[in-house]
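Inspection log for the structure reproduced underneath, given as structure tokens.
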Amino acid sequence: MTTAQQYAALAAVLAVAAGAGRVWWQLHRLRRLLRAERAAALLTDATHARDMEAFRTRVARAVAEQRAAEEFTARAAADMAVMAAADTIVTAELARTTHHNPKEGDTP
């Protein structure tokens, strides 16, 4: 083998090594990019889950407050109905009797 052939063989080996190195470097960059994408997707999913949980908590709290307000209103309405019925009874008894004003006569 002549010196020129040796240099040509060395150049071919170096070209193949450089090509293999370039392919390896591109694959390495691609792997890093894929890892970064996976990490970003995991963070996005975790953030979405956290945000949804916070949203569900806020909605549940608002629904509970609304139900409590409705129950309070229902109890207040029932109390007002009882008070109105009691007022009607007291008014009827006061109209029927004269004990509150003895000058009008005896209490029946």
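Working from label points 7 Å from Cα in the Cα-to-Cβ sense, the A60 to R96 distance is 5.4 nm.
In the context of the full set of protein chains, residues of the chain present 88 Å² of accessible surface per residue (probe radius 1.4 Å, heavy atoms only). Taking R0 as 30 Å, what's the FRET efficiency between A77 and E53 from their Cβ-Cβ distance, rounded to 0.05? That pair, A77 with E53, gives E of 0.25. Compute the acute angle (0 to 90°) between the alpha-carbon long axis of helix 3-96 and the principal axis of greatest extent of the alpha-carbon atoms of the chain; round to the nearest 10°. Helix 3-96 and the main axis of the chain meet at about 0 degrees.
Other residues with beta-carbon under 14 Å from the beta-carbon of W25 carry, at +1 per Lys or Arg and -1 per Asp or Glu, a net charge of +4.
Spherically averaged projected area of the convex hull of Cα atoms, the chain: 10.0 nm².
Among the protein heavy atoms of the chain, carbon and sulfur supply 65% of the accessible surface, probe 1.4 Å, non-protein parts ignored.
The values are calculated or read from the model by the stated rules, or taken from the named source; none is laboratory data. Bear in mind that the values here come from a model prediction, so they are computed numbers and not experimental data. Reconstructed Cβ throughout: ideal geometry from the backbone, glycine too, with neighbour counts over all protein chains shown. Heads up: the accessible areas ignore ligands, DNA and RNA and are worked out on the full protein's heavy atoms, side chains in. Shrake-Rupley method; radii C 1.70, N 1.55, O 1.52, S 1.80 Å.
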